[in-house]
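I have placed the structure first, in the form of structure tokens, so that the comments after it can refer back to it.
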Amino acid sequence: MLTTYLKILNDHYQALNNEGKDVIQGLTQTPKSLPPKYFYDDRGSELFEQICELPEYYPTRTEAWILRQHADEIAQITGACELVELGSGSSTKTRFLLDAYQKIPRSCKYIPVDVSEGILKSSVLQLQQKYAQLSIEGLIGTYEQALAKVESISVPSRMIFFLGSSIGNFTAQECNRFLRQIARTLKTGDYFLLGIDLQKPKDILEAAYNDSQGVTAAFNLNMLSHLNWRFQGNFDLNLFTHEAIYNQAQTQIEMYLHCLESHWVSLETLNLNVFFEVGESILTEISRKFDLVTIQKELELQGLKTLKIWTDPNQWFGLILCQA
């Protein structure tokens, strides 16, 4: 497994360095923005795990409740298959699925995918102790890299799953492109399990992304620390502040870093110097909130037919099982 880690890790960092152009593009346009993938260095991944435990942050515990209730049913529908998880993090919720698949005859393989080496190695080691009979192969890289690798390997049956409503971080155009790649990776009869955050009142949504303990603020600001490390930058985190708002018209949370005073920032590796005006903002993330009917139509257009939907009693979160 270590060989796999090192191979994917090297490919991943080469790709990230090549993709510094997305930082240049985001910081030189008006308004400024940064891709959310830069949240997830090791520290960012640790902070996100803390966010998932916050009382205001309902998505993780709500999705976990759905999985706890219905993992056995999901496993019975798909039968034994290779399990590929995009953005696995600590794989905490995934254990409900792994427990369910352990009850099915014939062993399956679990492939967690994440951009953070530290949290992926840690979670795989823990899972190997708990699931000694399960074959686990961690892949460090982006979704695109992982799907390209998985697509090149033929297996009898496969389920790709994408939990946490991370698909909400994509624009509508990016979402369609992602779903096309999912459909291309799966062969006829394979499965796709998708977690989506559903539309709900503004006060609930904004509280979830502006927590009282300031963990989400630290997570947002840590993106600048990551850029400093990766691209030899000099962002001063004290000159920015976090805010998340709900854009009702677009049905999405928008997370910003607001500049507190005018100053220059340089990223030496990218040969980039950027001036920030006082009050200027960087959009670091969107988190779209979905309607079940609409997302089913979007999945269907990509050849992913909905087999079953599970929600919680409040209908705050949805889990959709599709088949290619």
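Please treat every number below as a calculation from the coordinates, not as lab data. All values derive from a computational prediction rather than experimental measurement. Every residue, glycine among them, receives a Cβ derived from its backbone with ideal geometry; neighbour counts consider all protein chains shown.
Considering only the range 199-218, I want to know if a residue exists there that is of a type outside the set (D, E, K, R) and under 30 Å from residue 323 (Cβ atoms).
First, pick out the residues of the range 199-218 that are of a type outside the set (D, E, K, R): 199, 201, 204-205, 207-210, 212-218.
Applying the additional criterion that residues be under 30 Å from residue 323 (Cβ atoms) yields 199.
Taking every residue of the range 199-218 in turn, at least one turns out to be of a type outside the set (D, E, K, R) and under 30 Å from residue 323 (Cβ atoms).
Among the residues of the range 24-49, count how many are within 15 Å of the chain's Cα centre (by Cα) and either more than 19 Å from residue 254 (Cα to Cα) or part of a helix (DSSP H, G or I) (or both). Step through it out loud before you land on a result.
Residues of the range 24-49 within 15 Å of the chain's Cα centre (by Cα): 35-42, 44-49.
In the following step, the residues that additionally are either more than 19 Å from residue 254 (Cα to Cα) or part of a helix (DSSP H, G or I) (or both) were identified as 36-39, 41-42, 44-49.
Summing the residues that are within 15 Å of the chain's Cα centre (by Cα) and either more than 19 Å from residue 254 (Cα to Cα) or part of a helix (DSSP H, G or I) (or both) in the range 24-49 gives 12.
I'd like to check something: does the range 190-206 contain any residue that is in a loop (DSSP other than H, G, I, E, B), more than 21 Å from residue 37 (Cα to Cα) and of a type in the set (D, E, K, R)?
Just the residues of the range 190-206 that are in a loop (DSSP other than H, G, I, E, B), to begin with: 190, 199-201.
In the following step, the residues that additionally are more than 21 Å from residue 37 (Cα to Cα) were identified as 190, 199-201.
After this cut, where a residue has to be of a type in the set (D, E, K, R) as well, the list is 190, 200.
Looking for residues that are in a loop (DSSP other than H, G, I, E, B), more than 21 Å from residue 37 (Cα to Cα) and of a type in the set (D, E, K, R), one finds at least one in the range 190-206, hence yes.
Can you tell me which of (1) touching a residue at least 24 places away in the same chain (Cβ under 8 Å); (2) under 19 Å from residue 204 (Cβ atoms); (3) of a type in the set (A, V, I, L, M) is the one residue 321 doesn't meet?
The one condition residue 321 does not meet is (2).
Check every one of the strands (runs of 3 or more DSSP E) wholly within the range 69-173 and list those with 3 or more residues that are free of Cβ contacts under 8 Å to residues at least 40 places away in the same chain and buried (at least 18 other Cβ atoms within 10 Å of the Cβ).
On the way: elements: 82-86, 109-114, 158-162.
In the range 69-173, 109-114 are the strands (runs of 3 or more DSSP E) which contain 3 or more residues that are free of Cβ contacts under 8 Å to residues at least 40 places away in the same chain and buried (at least 18 other Cβ atoms within 10 Å of the Cβ).
Report yes if some residue within the range 214-221 is of a type in the set (A, V, I, L, M, F, W, C), within 19 Å of residue 48 (Cβ to Cβ) and touching a Ser or Thr at 6+ places or on another chain (Cβ under 9 Å); otherwise report no.
Within the range 214-221 (the criterion being of a type in the set (A, V, I, L, M, F, W, C), within 19 Å of residue 48 (Cβ to Cβ) and touching a Ser or Thr at 6+ places or on another chain (Cβ under 9 Å)), the answer is yes, since at least one residue qualifies.
Listed here are the residues, each with its yes/no results for (1) farther than 30 Å from residue 290 by Cβ; (2) in contact (Cβ under 8 Å) with a residue 60 or more places away in the chain; (3) basic (Lys, Arg).
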site: 238; (1), (2), (3): yes, no, no
site: 243; (1), (2), (3): no, no, no
site: 248; (1), (2), (3): no, no, no
site: 252; (1), (2), (3): no, yes, no
site: 269; (1), (2), (3): yes, yes, no
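Which number in (1) in contact with an Asp or Glu (Cβ under 9 Å, 6 or more places away or on another chain); (2) on the phi > 0 side of the Ramachandran plot marks the one condition that residue 286 misses?
(2)
Please work out if residue 64 is in contact with a helix residue (DSSP H, G or I) (Cβ under 6 Å, 6 or more places away or on another chain) and free of Cβ contacts under 8 Å to residues at least 60 places away in the same chain. Steps first, please.
Values: in contact with a helix residue (DSSP H, G or I) (Cβ under 6 Å, 6 or more places away or on another chain): no; free of Cβ contacts under 8 Å to residues at least 60 places away in the same chain: yes.
When the stated conditions are applied, residue 64 does not pass them.
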